[in-house]
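The values are calculated or read from the model by the stated rules, or taken from the named source; none is laboratory data. Keep in mind it's a predicted model, so treat the numbers as computed, not measured. All Cβ positions, even for glycine, are placed from backbone atoms using ideal geometry, and neighbour counts span all protein chains on display. Keep in mind that these areas ignore ligands, DNA and RNA; they rest on the heavy atoms of the full protein, side chains included. Shrake-Rupley method; radii C 1.70, N 1.55, O 1.52, S 1.80 Å.
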Amino acid sequence: MLDLKYLRENPEEARRAMESKGEAAELDALLEWDEKRRSRLKEVETLKNRRNVVSKEIGAKKAEGINDEEKMEEMRRISSQIKEYDAEIKEINNKILEIQLRIPNIPDPEVPAGDTEEENEIVRYWGTPTQFSFNPRPHWEIGEALNLLDFNRAGKISGSRFVLYSGRGAQMERALINLMLDLHTGEHGYREIFPPFLVNGDSMTGTGQLPKFTEDMFKVEDYDLYLIPTAEVPVTNLHREEILQEEELPLYYTAYSACFRAEAGSHGRDTRGLVRQHQFNKVELVKFVRPEDSPQELEKLVQDAERVLQLLNLPYRVALMCTGDLGFAAAKKYDLEVWLPSSDNYREVSSCSNFRDFQARRAGIRYRPAVPEGSGGGKKTAFVHTLNGSGLAIGRVLAAILENFQQEDGTVIVPEALRPYMPGREGVLSG
RNA sequence: GGAGAGAUGGCCGAGUGGUCGAAGGCGCUCGCCUGCUAAGCGAGUAGGCGGAUACCCCGCCUCGAGGGUUCGAAUCCCUCUCUCUCCGCCA
């Protein structure tokens with residue numbers, strides 16, 4: 001959510017930013033409502049002031065035993081007028097908020113302009129695409145051949161876009177989660193969180209999933225509860241409506257969660273394999289930082305996520321998203337894309353974003369800047385900046401491991417770094 | 001699921017219709033004092049919105065949330081949420 005004052009004072013800038021993301025919100029309507037609201041507010045506040053003053057007078061007289069019927073009658077009229085105005089203002093506020101919640105974040109200046117992923121900027125490569133002396137198989141074939149993945153039975157149990165991990169497949173999924181959590185808590189300074197997987201509507205609104213992306217979410221019938229599409233939601237909302245102390249910042253959190261996505265609108269895409277599921281596992285990284293630190297914190301966050309791929313020895317590249325591919329809430333975003341032989345291309349395994357104060361304003365996450373020595377006051381609260389990134393998406397990483405480290409004989413070599421987490425049979429997956 | 005209790009400022013806690021955004025205490029900040037530390041003394045210490053704007057400042061709102069009664073609500077009434085205790089059930 002953007003600051004109303006900012007929108008009021010820089011409507012053109014906001015409009016340009018929106019268009020660069022291919023978003024059109026009713027900015028003009030918003031500004032009209034804002035105008036109306038402020039003029040109504042002025043009127044009603046004058047009336048309320050009158051009410052407060054006269055009520056005290058009435059009270060004072062009453063203490064002397066006098067009932068000022070005339071003034072009480074006047075107050076009755078004023079009160080009903082106030083009630084009318086208040087109702088009107090409330091309605092206007094709702095309209096403003098409704099629009100405001102649908103206005104996307106403004107891209108950072110260094111974000112490249114562009115409409116589609118074609119215009120994303122490749123920042124760097126790590127490793128080189130795996131070469132095979134034989135015909136490599138896609139991970140779903142490897143997974144089913146080695147009895148690690150069972151798509152058919154998952155289909156029976158749940159439906160399409162579900163998978164069941166079995167045996168060492170299940171073990172590897174769990175191993176990846178543990179490897180990542182240990183790395184981020186042990187070496188990168190994140191605090192581990194195990195959050196609820198169901199959250200309420202306020203939390204979904206706080207991080208920006210609602211109200212715009214309702215159809216992408218799974219909602220629990222008859223309850224104000226949604227299955228989380230990412231741990232970003234519960235973890236960012238950890239500090240919703242809180243005022244943090246500057247000394248506490250930055251706060252780093254990492255969380256494993258299952259993630260649930262309806263994938264509405266992607267029918268027919270990635271129908272095979274682990275790449276696009278209704279439920280998948282992910283280790284997430286979330287940061288709360290001072291505004292002036294968020295640009296560097298994003299770079300560090302990306303590196304923390306990259307470290308996982310490096311440990312696993314998987315070739316990847318880092319892409320800086322162009323304006324059209326930024327998404328709704330981000331001001332700047334890097335994707336980590338791992339080499340996936342079955343698509344003969346790189347596939348996203350992490351998305352690292354700086355939201356600046358966009359989520360913090362929605363969710364009311366503030367901090368109190370430390371007061372410089374000697375200066376009397378000026379300790380007004382300010383919104384923190386939030387960032388998050390996958391560190392990483394487990395299923396896609398597992399797919400990448402199966403595909404990149406498959407052998408001609410059908411077995412798969414387990415990356416060195418993962419072996420302590422999945423002991424047995426010399427680090428080879430065989431049937 | 002049944003019965004009961006509660007929700008007030010960073011924390012504890014008073015306040016049952018009027019001058020209460022809220023006593024008192026703790027904590028914190030600044031200053032004074034003391035050889036240092038502790039103690040002591042004085043002052044300050046909620047968030048939001050609107051206006052004014054170099055600065056000081058002014059108004060309105062907020063005592064879990066929403067509605068109602070009233071000239072006037074932290075205080076009375078209704079609904080909801082959350083927390084706690086006991087019983088039942090359950091992984």
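Results for (1) part of a loop (DSSP other than H, G, I, E, B); (2) modelled with pLDDT under 90; (3) within 16 Å of RNA strand B (Cβ to nearest atom); (4) open to solvent by less than 40 Å² (accessible area, probe 1.4 Å), shown as yes or no for each residue.
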| site | (1), (2), (3), (4) |
| --- | --- |
| A:ASN105 | yes, no, no, yes |
| A:PRO109 | yes, no, no, no |
| A:THR128 | yes, no, no, no |
| A:ILE142 | no, no, no, yes |
* Asked: Does the stretch A:67-82 hold any residues that are open to solvent by less than 80 Å² (accessible area, probe 1.4 Å) and more than 9 Å from RNA strand B (Cβ to nearest atom), and which are they?
  -> A:GLN81
* Take A:LEU227 and decide whether it is open to solvent by less than 40 Å² (accessible area, probe 1.4 Å), of a type outside the set (Lys, Arg) and assigned by TED's automatic domain parsing to the domain that holds A:GLU284. => no
* Asked: For the stretch A:314-388, list the strands (runs of 3 or more DSSP E) that sit wholly inside it and hold at least 3 residues that are away from RNA strand B (no atom under 16 Å from the Cβ) and either at pLDDT below 95 or in the same structural domain as A:GLU403 (by TED's automatic domain parsing) (or both); which are they?
  -> A:316-320, A:332-340, A:345-356
* Please state which of the following conditions A:GLY155 fails to meet, knowing it meets all the rest: (1) part of a loop (DSSP other than H, G, I, E, B); (2) surrounded by 14 or more Cβ atoms within 10 Å (Cβ to Cβ). => (1)
* **Any pair with Cβ under 7 angstrom, 6 or more apart, that starts in the stretch A:408-421 at a residue that is free of Cβ contacts under 8 Å to residues at least 24 places away in the same chain and ends at one that is crowded, with 17+ Cβ neighbours inside 10 Å** => A:ILE413/A:PHE405
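Please indicate, with yes or no, whether at least one residue in the stretch A:93-101 is assigned to a loop (DSSP other than H, G, I, E, B) and within 30 Å of the chain's Cα centre (by Cα).
Restricting attention to the stretch A:93-101, the residues satisfying the condition of being assigned to a loop (DSSP other than H, G, I, E, B) are A:101.
If we keep only those that are within 30 Å of the chain's Cα centre (by Cα) too, we end up with A:101.
For the stretch A:93-101, residues assigned to a loop (DSSP other than H, G, I, E, B) and within 30 Å of the chain's Cα centre (by Cα): present.
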* Can you find a residue in the stretch A:83-96 that is assigned by TED's automatic domain parsing to the domain that holds A:GLU23, under 30 Å from A:GLU26 (Cβ atoms) and in contact (Cβ under 8 Å) with a residue 60 or more places away in the chain? -> yes
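One residue is enough: does the stretch A:14-31 have a residue meeting the conditions among the basic types (Lys, Arg), part of a helix (DSSP H, G or I), within 7 Å of RNA strand B (Cβ to nearest atom) and open to solvent by 60 Å² or more (accessible area, probe 1.4 Å)?
There is no residue in the stretch A:14-31 that is among the basic types (Lys, Arg), part of a helix (DSSP H, G or I), within 7 Å of RNA strand B (Cβ to nearest atom) and open to solvent by 60 Å² or more (accessible area, probe 1.4 Å).
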